[in-house]
1. Regarding B:GLY106, is this residue crowded, with 20+ Cβ neighbours inside 10 Å, touching a helix residue (DSSP H, G or I) at 6+ places or on another chain (Cβ under 6 Å), in contact (Cβ under 8 Å) with a residue 12 or more places away in the chain and within 7 Å of chain A (Cβ to nearest Cβ)?
2. Residues A:LEU167, A:LEU194, A:LEU198: which one is surrounded by 20 or more Cβ atoms within 10 Å (Cβ to Cβ) and part of a helix (DSSP H, G or I)?
3. For the list (1) modelled with pLDDT of 90 or more; (2) within 11 Å of chain A (Cβ to nearest Cβ), I need the number of the one condition that B:SER141 fails.
4. Is it fair to say B:LEU365 is surrounded by 21 or more Cβ atoms within 10 Å (Cβ to Cβ) and either more than 14 Å from chain A (Cβ to nearest Cβ) or not acidic (Asp, Glu) (or both)?
5. Being in contact with a strand residue (DSSP E or B) (Cβ under 6 Å, 6 or more places away or on another chain) and part of a helix (DSSP H, G or I), is that true of even one residue in the range B:215-236?
6. Here are the criteria: (1) within 14 Å of B:GLU51 (Cβ to Cβ); (2) without any contact (Cβ under 8 Å) to a residue 40 or more places away in the chain; (3) aromatic (Phe, Trp, Tyr). Tell me which single one B:TYR251 does not satisfy.
7. Would the range B:196-209 turn up any residue that is within 30 Å of B:PHE308 (Cα to Cα) and surrounded by 19 or more Cβ atoms within 10 Å (Cβ to Cβ)?
8. Pick from the range B:335-380 the residues that are within 28 Å of the chain's Cα centre (by Cα) and assigned to a helix (DSSP H, G or I): which of them is nearest to A:GLN206 (Cα to Cα)?
Amino acid sequence: MIVGVCKVNGKINSKINSNINSDVSSRINSKSRISFSKYPILPDLKYVAGATCMHKLHPLTKLVLLIVFSVSVFTIEHWAGGLLLLFMLLCGYKAAQLGLSYFVRKLRFILIFSALIIIVQVIFVKEGVLLLEIPLPFLSITVWSVAIENGIRLGLRFINIMGASFLFVTITQPQSLAYSLMQLGVPYRYGFMLITALRFIPVFRQEFNQIKNAHLAKGISFTGISIKTFTRMVQYIFIPMIVSALSKIASLAVSMEGRAFGKYKNRTFMQRQAFTTKDVFVVVTSILTSICIWIMI
Amino acid sequence: MGNNTYMRNSHANINANMNNGSINIVDLNFTYYGSDAPALKNINLDIKQGEFVVITGMSGCGKSTLAMAIAGYIKNGTQGELQGKIIINERNINHCHIEQLAGEVGIVLQEPEAQLCTFTVREEIAFGPENLCLSDKDINSRIYTAANRVGIERLLDNDINQLSGGEKQRVAIAAMLAMEPTILILDEPTANLDPDGALDVITTLQKIKQTTQHTIIVIEHRIEQFLPLADRIVLMEQGQIVYDGSSLPGYTYYQYLFNKTDKKIRECLQVHKQYLKQRLAANTTDMLQVTNVNINIDQKRILSDISFNIKAGELVAVMGKNGCGKTSMFLSLLGIYQTETGSIILDGKDLSGVATEQRAKDIGLTFQNPNHQIFEKSVYQEMILPYSFLRDEPVDEELINQLLKELSLDGYKDTPPYNLSQGEKKRLILGEVMAYNPKLLLLDEPMAGQDKQHVDFLLQMLFTYCNQGNVCLVACHQPQVVFEYFDRVLFFDDGKLLYDGKPAAVFELLTENGYSGYDSRCM
């Protein structure tokens, strides 16, 4: 949905520009749209195919790694530990062949937010040793050691948690995770909820675009911000989406039930990924490492 | 050959021992809740194992309801009242659960997209056998047999989102075949496909018929293509079976009942031809001039170097495979896609740099799926929706009422449009654009999945519209209709305008160059 909203904004921008009525503007506009989609403020979160050792790990191993890492982030209090975890996280990105530039690009929003956390700490926390004082005419800026320490600790935590989740999503195919969970014992009816939802995301995105085009063709435009425009928007966008989703679901139900979905309590799975010794090794090492770090720091 | 026959016989024997794929329907009556007229009336039907039966009739005649009833999806008390018996493989299914019927009856629906629930072709075909808790070995053998029967072995590891419509429909059929049902039902399997995709599906069905003993039931509006396959034709009208017998006499009766060309449409065509002749003789300037248009989307060329001119009053068909650029062409005329280079001139006015809202005043565009284009709470409000956005003058109520009457929607003025039938929705969408009378009308596949009556009605409306000096472009997949009624064809292939001319001439060129389904001798 976030992507959808971004696209709508793009459209609105392009419409405003195209009113300028010149060929040049449309060319600039098309360029600006490209840059808009290439570096969005909110990064699009999706699986990136690859064949690295990180990609090849069992989805559940990756899930365990994510959990161990997140627990470590919260149990390790000291900022040095946070730095160490960040270093490990970056190694993970490296191993998945994503590199530092990918990390910075995708997590730009998170990095900015972490910087804000540090600034807030510096402004409000006045404890420990005075590190720096910048005298200004009305308000002199003072930087205290505890503020810096807190800021770095909290900022790192935020980066670590978000970065790890990002890495997990980027290297794990959602459907293979769903299949793995079902094989682990999650009831397959719930697992298939996720799978069919994922299957229909591109379909619904396409339908959303079609509805937008139908709006344009009928000259429907939403001007001004008011409750009336909002209710109209809901009526004109979401009702058609829901109607078409319901009709799709009716067909899907016929198709799935007709193929014995739900006939037995269990089902077999063709798509199985076995745990390798490498997976076991990774899980054990990660748990041991996190305990070690916790004891040391 | 002998060996083959032997195998088929032995296969048949096994089937006969277990379940034989026969259907007996005895005095079946069904009425939907909230409806006065029964959807099915006194249906008696016996279908033997291995038969290929085509069930046809107008929209709303009850054929889809019958298909769903045979497949076990309609029960007494769920959606309506059901009386009578449906006996499949000597078992009354009135009280069976759907899942218990899986493996006996398989149904493939119209929309391929909505029937696939996984990501790759292999997973999709495996889905059914997995639900039956089969072993890996059995599942694999079922996958290969099913894929082989519909000819998609080479696609097994492909991503479903990247398949064409015809391929998706074949995957849906393969997925059903993997359940090894004795009865396979297909509800308008080709309605949403282009001619190539439709042909793919029909060839597939032919292969299934020849190599297996499945009982096959096809529900269709346009039965011409299925005639060589059909052992039997069942004609339905208003919930009743009016003919049940061999295919040739059945087809004659079908032509008589549903396909008779209305005198009125012939007259309209004559009037239109006359009008166009005068108009062309007067040597007027072109209404629409498209010159060297190029369109890129995400750095990919969608349309390259498109040029054509259209005179006022012409009814033009835009043809080509799905994804060849027809819809992109329409969207770029309206300015939703921005042209990279080239110019579009409508009625002497250069449209480059004109915003979509402005263009929409002169250009009306409708899309294939009416559900994406209906926004208002009542039919009347929906009718005046584009008018109120695009025209400054107040709505002419008389004109709207008259239009509703012409569309035979005047009885539904206060009905929520979502409650209309598919055909009625399509008429409503058409009425909406006609209400504000744009100079150029773009219709994206208005005839897909529609019966003859609706197509005739649509053509009548379009002739009248064109005779007022307007231009109409219709994206269309039906060579027969285009051949008979349209003035001109633009044939697109892979983003290029391949041919432009009279239907007969274009179809001849297409047939010469190996495009199947356009042979005018077969129409």
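The values are calculated or read from the model by the stated rules, or taken from the named source; none is laboratory data. Please read all numbers here as calculations on a predicted model, not as lab measurements. So basically every Cβ, Gly included, is an ideal-geometry build from the backbone, and we count neighbours across all protein chains shown.
1. So B:GLY106 fits the description; yes.
2. Going through A:LEU167, A:LEU194, A:LEU198 in turn, the sole match is A:LEU167.
3. B:SER141 satisfies all of (1) modelled with pLDDT of 90 or more; (2) within 11 Å of chain A (Cβ to nearest Cβ) except (2).
4. So B:LEU365 fits the description; yes.
5. At the first step, the residues of the range B:215-236 found to be in contact with a strand residue (DSSP E or B) (Cβ under 6 Å, 6 or more places away or on another chain) are B:215-220, B:223, B:226, B:229-236.
Next, only the ones that are part of a helix (DSSP H, G or I) stay: B:226.
For the range B:215-236, residues in contact with a strand residue (DSSP E or B) (Cβ under 6 Å, 6 or more places away or on another chain) and part of a helix (DSSP H, G or I): present.
6. The number of the failed condition is (1).
7. The answer is yes, given that some residue of the range B:196-209 is within 30 Å of B:PHE308 (Cα to Cα) and surrounded by 19 or more Cβ atoms within 10 Å (Cβ to Cβ).
8. This residue is B:HIS372.
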